[in-house]
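Supplied in structure tokens, the structure appears directly below.
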Amino acid sequence: MEPMSYQVLARKWRPRSFQTLVGQEHVVRALTHALEQQRLHHAYLFTGTRGVGKTTIARILAKALNCDTGITAQPCGVCSACTEIDAGRFVDLLEVDAATNTRVDEMRQLLENAVYAPTRGRFKVYVIDEVHMLSNSAFNAMLKTLEEPPEHVKFILATTDPQKIPPTVLSRCLQFNLKQMPISAICGHLEHILGAEAIPFEIGALPIIGQAAHGSMRDALSLLDQAIAYGAGTLAEVQVRSMLGTIDQGYLFDILEALAAGDLAQAIATAESMLERSLAFDSALEDMATLLHRTALCQAAPDVLPETTPERARIVALAALLDRESVQLAYQIALIGRRDLTLAPDPFAGFTMALLRMHAFAPSSTASLTEAPGEAPTARRTPAPAPATVTRPLQATPPGPVAVPKPVMSKPVSTVETAPRVLTAPAPTLAVARAAAVQPLAAEKTNGPASPAPKPAPNPAADAATDAAPAATLAMLSPETWPSLVRTLALSGFSRQLAEQSELAGLDGSRLTLRIPPTARPLASYRDRLATSIEQQWGFRCTIEIHVAESLARTVASENAERRSNALAQAQATLDRDPFINELVSGFGATIESVAPDQPSEPHSDAED
Ligand SMILES: [Zn+2]
């Protein structure tokens with residue numbers, strides 16, 4: 001047994017007065033008013049989902065009616081009536097759980113006693129929980145008493161399902177709908193309790209519990225108890241996540257942002273790190289659907305998203321980065337992926353397959369990504385002088401079980417590749433490369449940088465503001481050194497993705513020209529943030545101009561992909577020797593979706609997440 005003792009908190013912190021009740025202000029106000037005015041109804045009905053405080057309010061009301069100090073909205077809590085009610089041994093408080101007590105004769109006997117005056121208190125209070133579970137004859141027995149209630153009887157009914165209560169009963173009750181606890185109210189209450197109990201906690205753990213409690217304060221408190229026991233007296237975010245099997249939403253944002261940028265390899269890499277941490281992919285898909293739902297809401301009406309929504313800023317950014325159709329589709333795919341997860345060879349395969357689908361089935365061309373509503377106007381203004389071969393919209397061909405249709409949000413180099421492609425069985429690492437696509441790519445690569453890359457010169461104007469190291473950085477700036485210099489920059493989120501997917505095309509005075517693949521176009525709006533980081537870290541004040549180019553020579557992403565592909569070249573070779581695969585390739589014109597993202601332009605970052 002934990003010395004802290006399981007469940008103590010939930011019981012100890014059960015509200016004993018209207019003042020300490022969290023949430024349900026509307027109910028408290030009405031009841032307080034009625035008690036103060038002595039305008040008492042003889043039957044109350046509290047409705048609401050489980051754990052929102054129905055029976056808690058019922059007990060407080062019982063005290064308010066029976067407190068030795070008189071009928072009051074503020075029962076004293078110390079008189080014998082109050083303490084006996086709190087302890088659950090007040091003779092005139094009759095609590096019935098209709099879920100376990102539906103027999104009509106028991107009900108009838110209980111109600112027959114109603115005619116007798118209370119033994120001890122002012123009122124005989126009947127609290128009937130889950131009242132909708134009563135049988136019809138039990139309802140009828142109760143109805144008789146409800147129709148002509150003795151002066152000293154009060155009924156407090158509670159239910160999660162008011163629809164199942166006969167209208168004859170409903171019409172005789174004063175009804176209050178209890179609201180689900182908002183996460184913010186739960187978090188605030190937990191924080192208060194933890195402070196009062198002097199239990200060390202990480203603030204980030206609270207919304208996780210709040211979310212898992214699904215609006216029920218009781219569940220939140222019992223989860224809190226479990227989490228404290230699990231954490232041996234402390235409350236740490238990591239432990240709470242692990243106890244609840246919830247996913248750090250950061251992973252899901254990383255994945256969706258990578259997919260938005262057309263960077264499937266990055267998305268898969270993130271899924272792999274989730275796998276390493278043994279995260280539950282079922283929850284991941286559920287959470288991803290929640291995230292996409294919020295993103296869609298944000299796109300439709302940003303104000304709908306409450307300020308207290310966890311990670312609101314990142315949702316707003318995501319909403320600006322994705323077009324609405326993509327969000328709708330990804331949402332569907334997440335739902336279906338979750339439904340089918342048990343059929344998948346393993347959860348990781350099922351999860352990554354969902355990501356592949358999100359990547360492949362983007363409904364519109366890259367161009368439409370820039371039509372995202374709201375906060376990405378800069379993306380639209382992005383100059384695109386390069387042959388803007390917008391990737392083709394998705395063909396309508398419905399995919400067979402293994403055929404993967406043409407991805408549209410990425411793979412800019414594959415303009416010549418038309419062969420149907422086949423996804424091989426889930427290999428050690430998941431797979432996006434195409435044997436066929438390597439050819440044109442290799443040709444482009446030997447041509448070197450596709451467009452002239454003016455030798456950048458250090459910017460003398462900035463020298464004054466820089467110390468030796470940044471000046472050296474600036475002097476080293478060239479298309480060849482750009483990727484390795486980018487690695488030295490401390491960047492995060494979209495500006496990091498922008499830098500990693502870019503190549504240096506030129507440096508003219510303080511104007512830095514970067515080239516990005518069409519798939520990275522939505523990231524262009526983060527150029528100012530990147531410029532700020534460069535100024536802060538290299539001491540070089542610059543403006544960044546973004547050009548979209550069909551093929552890029554050297555980016556961090558391409559280097560990462562290359563490195564990755566080298567590491568897996570052996571696996572690739574093995575696959576190439578496989579007679580079955582070869583037969584597929586030669587006999588059916590299939591091309592290989594191999595074991596690695598060995599397509600250098602397939603952006604991939606192996607940065608930690
Ligand atoms: Zn009292």
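Each reported figure results from applying straightforward, stated rules to the coordinates on display, with no laboratory input. It should be emphasised that the depicted structure is a prediction, and the values quoted were computed from it without experimental measurement. Here the Cβ is made from the backbone with ideal geometry for all residues, glycine too, and neighbour counts use every protein chain on show.
Given contacts defined as C-alpha pairs under 8 Å and at least six residues apart, what's the relative contact order of segment 24-177, whole-number percent?
32 percent.
Right, next: List the residues whose amide H sits under 5 Å from the amide H of residue 153, counting only those 5 or more places along or on another chain, with H placed 1.01 Å from N in the peptide plane.
Placed amide hydrogens put 124 under 5 Å from residue 153.
Amide H to amide H, which residues 5 or more places from residue 506 or on other chains are under 5 Å from it, using H placed in the peptide plane?
So residue 506 has HN proximity to 513.
Could I ask something else about it? Report, by chain and number, residues whose modeled amide H sits under 5 Å from the one on residue 540, excluding near sequence neighbours (fewer than 5 apart, same chain).
535
Now for a different question. Once phi is turned into θ = phi - 60°, what whole-Hz ³J(HN,Hα) does the Karplus curve with 6.51, -1.76 and 1.60 give for every residue of segment 492-509, x standing for Gly and Pro?
3J(HN,Hα) across segment 492-509, in whole Hz: 9, x, 5, 5, 5, 4, 4, 5, 5, 9, 9, 10, 7, 9, x, 9, 10, x.
Sticking with this structure for a sec: What list of ³J(HN,Hα) values in whole Hz, one per residue of segment 21-32 in order, does the Karplus curve 6.51 cos²θ - 1.76 cosθ + 1.60 (θ = phi - 60°) give from phi, with Gly and Pro shown as x?
6, 9, x, 6, 4, 5, 6, 4, 4, 5, 5, 4
Can you report the principal axis dimensions of segment 247-375 using only the alpha carbons, biggest first, rounded to whole angstrom?
39, 34, 23
Only four residue types carry charge here, +1 at the Cβ of Lys and Arg and -1 at the Cβ of Asp and Glu. Report the dipole size of segment 247-375 about the Cα centre in Debye, rounded to the nearest 20.
That gives a dipole near 240 debye.
May I pose another question? Quick one: which of 54/154; 124/179; 54/179; 124/154; 63/124 span more than 18 angstrom between C-alpha atoms?
In this structure, 124/179 exceed 18 Å between Cα atoms.
Can you work out the Karplus-derived ³J(HN,Hα) for every residue in segment 476-490? Use 6.51 cos²θ - 1.76 cosθ + 1.60 with θ = phi - 60°, whole Hz, and x for glycine or proline.
Per-residue couplings from phi come out as 7, 5, 7, x, 6, 8, 3, x, 6, 5, 4, 4, 7, 7, 7 Hz.
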